[in-house]
Amino acid sequence: MKVMLLLSLFLYASSTTSGSYCMSTDCTNQGTSGSFSLYLRVCCVMDNLGRSFTIKGNGISRYILCPRVLPKSCQSVRSCKDLNSTINGDYTIYPDGVTPVEVYCDMNGINCDGEGGWTRVGYFNMTESGATCPAGLIQKNYTNIDHLLCGRLANSSTCISTTFSSNGLTYNKVCGQVRGYQSFRARAFLNFQNDIENFTIDGVSITHGSNPRKHIWAYVGSYSEARTDTQACPCSTGYSGGLDLNATLLL
């Protein structure tokens with residue numbers, strides 16, 4: 001099976017921070033624990049630097065002028081959740097408290113669980129104009145599909161991979177989206193590989209870490225919904241796992 005995929009992967013980190021309404025570039029974090037100030041929520045957004053904003057709410061209008069450089073207090077932003085914002089977009093976070101990393105933050109959870117604070121660490125969408133495959137994946141072109149795809153070499157019983165860095169971000173949840181296109185015959189778990197470092201499934205496997213990698217989630221393709229052997233998926237009615245059920249559970 002050749003699986004071509006679109007991948008959108010988010011990592012989520014929990015932290016507690018404090019904030020203030022300081023309007024300078026060197027203000028310190030002082031204020032109520034648990035949320036950043038409105039100023040930091042607005043001015044830690046890269047696109048907002050050098051711009052002014054009037055924010056109205058509860059009968060009060062607040063005027064905010066963002067500096068042309070990131071406020072130093074933004075260094076306390078270890079993850080997207082720390083921003084306590086509702087605005088999706090590019091932000092600068094400091095996972096180690098020192099090094100700035102520009103990331104995309106999903107602040108309303110539309111791509112995940114409906115709750116904000118997701119930090120995107122990996123993304124490619126081949127339906128977008130100009131999109132290219134990440135390093136490690138092979139670009140494909142099919143006449144019956146109106147956009148390029150990413151996958152492995154044709155008719156090869158091997159796997160290829162790409163890696164996305166979490167930039168040192170501490171996380172406890174992962175969510176993602178994958179779109180796969182099947183070509184030829186999918187054989188699910190037929191290969192009976194007990195080692196995650198080998199060619200374990202016919203499909204897409206999302207893992208983390210190294211030596212060994214640890215499994216997060218797998219998107220497995222089956223030959224037919226009617227099959228119940230090793231070429232089938234566990235959701236098939238009457239599925240038995242084939243000759244060695246443990247081989248599938250190791251995923």
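Listing for the model above:
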{"quantity": "Local electrostatic count, SER85, Cβ distance below 14 Å [Lys/Arg +1, Asp/Glu -1]", "calculated": "-3"}
{"quantity": "Per-residue HN-Hα couplings for the stretch 94-104 [Karplus 6.51, -1.76, 1.60; θ = phi - 60°; Hz; x = Gly/Pro]", "calculated": "10, x, 9, x, 10, 8, x, 9, 8, 9, 9"}
{"quantity": "Amide proton proximity set for TYR181, modelled H, under 5 Å, gap of 5+", "calculated": "MET4"}
{"quantity": "Within straight-line cross-link reach of LYS173, lysines at Cα separation under 27 Å, skipping those fewer than 8 residues along the same chain", "calculated": "LYS81, LYS214"}
{"quantity": "Least to most buried among VAL98, VAL103, VAL77 (fewest other Cβ within 10 Å first)", "calculated": "VAL98, VAL103, VAL77"}
{"quantity": "FRET efficiency, ASN125 to ILE55 (Cβ-Cβ, R0 35 Å, nearest 0.05)", "calculated": "0.65"}
{"quantity": "Integer Hz, Karplus 6.51/-1.76/1.60 couplings in order for the stretch 55-67, x for Gly and Pro", "calculated": "10, 10, x, 6, x, 10, 9, 10, 9, 10, 10, 7, x"}
{"quantity": "Footprinting exposure proxy for TYR91, TYR219 (fewest neighbouring C-beta atoms within 10 Å first)", "calculated": "TYR219, TYR91"}
{"quantity": "Interchain or long-range residues, amide H under 5 Å from ASN88's placed H", "calculated": "MET107"}
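Any read-out appearing in this document is the output of simple, stated calculations on the displayed coordinates, not a laboratory observation. Keep in mind it's a predicted model, so treat the numbers as computed, not measured. Note that each Cβ is placed from the backbone with ideal geometry, even for glycine, and that neighbours are counted across all protein chains shown.
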